[in-house]
Each structure stands twice: as structure tokens, then as C-alpha cells.
1. Which of the residues that make up the stretch 311-365 are open to solvent by 50 Å² or more (accessible area, probe 1.4 Å), closer than 30 Å to Lys83 by Cβ and over 22 Å from the mean Cα position of the chain (by Cα)?
2. If you check every pair at least six apart or on different chains, which have Cβ atoms under 8 Å apart with a residue in the stretch 276-302 that is free of Cβ contacts under 8 Å to residues at least 40 places away in the same chain first and a residue that is among the hydroxyl-bearing types (Ser, Thr, Tyr) and not in a strand (DSSP E or B) second?
3. Just for the stretch 113-160: of the residues that are open to solvent by 40 Å² or more (accessible area, probe 1.4 Å) and in a loop (DSSP other than H, G, I, E, B), which one is nearest to Arg257 (Cα to Cα)?
4. Return the pair list, or none, for Cβ contacts closer than 9 Å from residues in the stretch 145-174 that are of a type in the set (Val, Ile, Thr) to residues that are in a loop (DSSP other than H, G, I, E, B) and open to solvent by less than 30 Å² (accessible area, probe 1.4 Å), at least 6 apart or on different chains.
5. How many residues are without any contact (Cβ under 8 Å) to a residue 60 or more places away in the chain, open to solvent by 40 Å² or more (accessible area, probe 1.4 Å) and either aromatic (Phe, Trp, Tyr) or assigned to a loop (DSSP other than H, G, I, E, B) (or both) if we restrict to the stretch 83-112?
6. So if I check each of Leu337, Leu300, which one is touching a Lys or Arg at 6+ places or on another chain (Cβ under 6 Å) and under 30 Å from Asp62 (Cβ atoms)?
7. Please go through the stretch 128-156 and give me each residue that is modelled with pLDDT under 95 and either outside the structural domain of Ser43 (by TED's automatic domain parsing) or among the β-branched types (Val, Ile, Thr) (or both), ordered by number.
8. Restricting to the stretch 220-252, give me the number of residues that are over 12 Å from Gly167 (Cα atoms), touching a Leu at 6+ places or on another chain (Cβ under 8 Å) and within 14 Å of the ligand (Cβ to nearest atom).
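The values are calculated or read from the model by the stated rules, or taken from the named source; none is laboratory data. Remember, predicted model here, so these are calculated numbers, not experimental data. Cβ sites come from the backbone with ideal geometry, for glycine too, and all protein chains shown count toward neighbours. Only protein heavy atoms, including side chains, enter the accessible area calculation; ligands, DNA and RNA are left aside. Shrake-Rupley method; radii C 1.70, N 1.55, O 1.52, S 1.80 Å.
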Amino acid sequence: MFNDSEYKRYARHFTLQNFGVTGQQKLKNAKVLCIGCGGLASSAIMYLAAAGIGLLGVIDDDVVDESNLQRQVLFNINDVGSKKVEIAKKRILELNPNIQVKTYVSKFNDTNALEIIENYDLIIDCTDNFYAKYLINDACFERKKPFVYGSIFQFEGQISFFNGKTGPCFRCLFDSWPPPGLIANCAEEGVLGVLPGLVGILQALEVIKYIVGIGSNSLSKLILIDTLNLDTTPLEFVQSKTCPICIDKNQFKDLPRPTFNKCESHAISAIHLKNIINNVTLIDVRNPDERQICEIGGKLIPLYNFKSSVKSLDAKSTIVIYCKSGARSQEAVNLLLEEGFKDVFFLQGGILAWINEINPNLSKY
Ligand SMILES: [Zn+2]
């Protein structure tokens, strides 16, 4: 049932054909989880809140950065540095105090995924990385929860609906993921500011239609949105005969997924490093015995000592970290990002790449 304020607020839904009080009650009873709190979420969660979804969950561990403001209209300049989900909760309740909001200051990961989605009827994917998208698919199919997928790239967006029970699933559509070096992201490739707003609204639309039970959804269809020509193309797809979920019914814990790589925009090439090497704080995270074989300078802080040395590093300087092939330095960069460092990079391919591309006279091992 609704109170007087709700009757006024949802008046245009109550008079809407095939929607009415029954449709609004379904929204009020619904629990929707929004994974990610950036550009897609900025429009999606505000429209879901306005529409009267009873419980909105939002999960993200990120803080607002000034570079977000070009498209993440949920935030303003005063929010820079604040936790995104905390600001989101405030904005949602200012818009609609009749609904409930639950926030999770955390990454959505394979440890918490199943437990969190358990509490919701429908999931909305507002993330920006492959790891999260495969994880959402796997967790939703494990718990039989429907989800609405969305993604953006430069001027193009896409959305689709998956019912979480029968295929096709996200893995039927994308059976493999590109190697980390080929994965582009917003920071590197740019994104038209209005695009995530548009895609997020379409995601909210799919959520509302599904809950109320009106219209048809984009199951088995990938809707491509081309903003430059203002065009949408529905691409139909079918269940993959080799899908590890729909066909082979693999368990959530056994499925391979791309690794989460916050560092994607924090990799630099050997040639790039050569040009800036005199202006950065260079750190070698290999072991002392490896250092004796070859080195390109910088301070030696083996990875096993790295965590305890973070406080001695200057967060204001540009830091470049290297190791043998790039794995340990990437781990060190992730550690620094978690500590709030921004201007940190790792040498892609490690010292081996440097030897191949810059100085073949160094000893290889
Ligand atoms: Zn599948």
C-alpha cells in the first residue's frame, strides 16, 4: 500500500495503461542491486529511485575523481574524494525518501558475489571491466537471478538482458576475453560524456519493464547504440553449444574469469619509460639476487618488503615500478592504488621488455 506522499509522487504511473497501482506495487516490492557506481549507475539508479524501487543496493569501492564529473552526473565538485556509494545514497534519498538504500563499500568480487546478490531480485551491471562482467554473469546464473548488462566504449554502447536461468548467457555472447594489453578503458580511449547516461537509462527501462511485466525485454538480443549516427541495432544471438554455464553447468567456483586489473591504465611501455626515466621515482621490486644480474637503476624494494615501505614513498611524485616481466610490479601498483596513490605505473613486460626494446646489452635471465 502507499501513503499520501507516494500517491502524489507516482500519480503518472498510477494512470498509465497496464501499469497502475499493481505495477507500482511490484516496483515497491522489488529489490534491485546496482553493481558499480559510475557513469551507467548515475542515470540508472536515479531513475530506478524515482520510479520507486523498494530497495536499491549499490556496491562500489571507488571515490569520486574530478575526471568523473564529465559523465557521472550523480556527483559534483564538492564530492571529489568522497566514497561514491555514500554520495549516491544521499542523492537517492533526497530524490525519493520513500525507498530504502543499502550500500556496500567494496569491490564486487568472487568472495562476496553470491552472498550479496542473494538478497536481490534483479541485478544491474554498471561496471566498467571484464572481470566484473563475467563475475556478474556467473554469480547470477549460479543464483538464478536476472540481470541487465550494459557497457560503453568511446561513442558506442550496448545493453542486453539475461534471465539467469536459461541461456543464452553473457558467456554465450562473449566466449573469451581479450588479453589485458588489448583491453581498452575509458581513461585511455575516452568516452562521450552523455553515452553512459543514455545506456544507464536504457538499463533502468529494462529493469522496470521486467519487474512490472510490460513490453518485451532484450533477452537473446544485444542492443547496439551508435551515438554518432543516433542509431540502435538489435543483434540476435543464441546459446553457445560449448557454453561452460548454460550447457556444461559448471559451478561458480570452477569457472575461469579474466583477472581484475585496476592497473590497465597504469602500464607503460619500455619506450615510454625511456623518455621519462629521469623525471620519475623508479622502483625495482625484484629480489636482490636478480638485481645483480641486470638493472635499470631505481631503488630496490623487493615485493616482499613493499607493503611495509609504502609510507616512505612520496605520493606526489610519479612512480614507475619494474620487475622481471611485469607481474610483481603490477601487484605493487595495485597496492599503491589501494593506498590512494594516483600517479603510479608499472613497466609492461618488465626488465625483459626493456632489454628487448631499449638495451640488448643487459644480461637476460
Ligand atoms: Zn551461456
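1. Those that are open to solvent by 50 Å² or more (accessible area, probe 1.4 Å), closer than 30 Å to Lys83 by Cβ and over 22 Å from the mean Cα position of the chain (by Cα): Lys311, Ser312, Asp314, Ala315, Lys316, Arg328.
2. Pairs that qualify, where the first residue is free of Cβ contacts under 8 Å to residues at least 40 places away in the same chain and the partner is among the hydroxyl-bearing types (Ser, Thr, Tyr) and not in a strand (DSSP E or B), are Asn279/Thr318; Thr281/Ser317; Thr281/Thr318; Ile301/Ser309.
3. Filtering the stretch 113-160 for residues that are open to solvent by 40 Å² or more (accessible area, probe 1.4 Å) and in a loop (DSSP other than H, G, I, E, B), the one nearest to Arg257 (Cα to Cα) comes out as Asp128.
4. Matching pairs, first to second residue: Val148/Ser218; Ile159/Ser218; Thr166/Cys246.
5. Result for the stretch 83-112: 3.
6. Working: Leu300 fails: under 30 Å from Asp62 (Cβ atoms).
Of Leu337, Leu300, the one residue that is touching a Lys or Arg at 6+ places or on another chain (Cβ under 6 Å) and under 30 Å from Asp62 (Cβ atoms) is Leu337.
7. Result: Ile152, single match.
8. Qualifying residue count, the stretch 220-252: 2.
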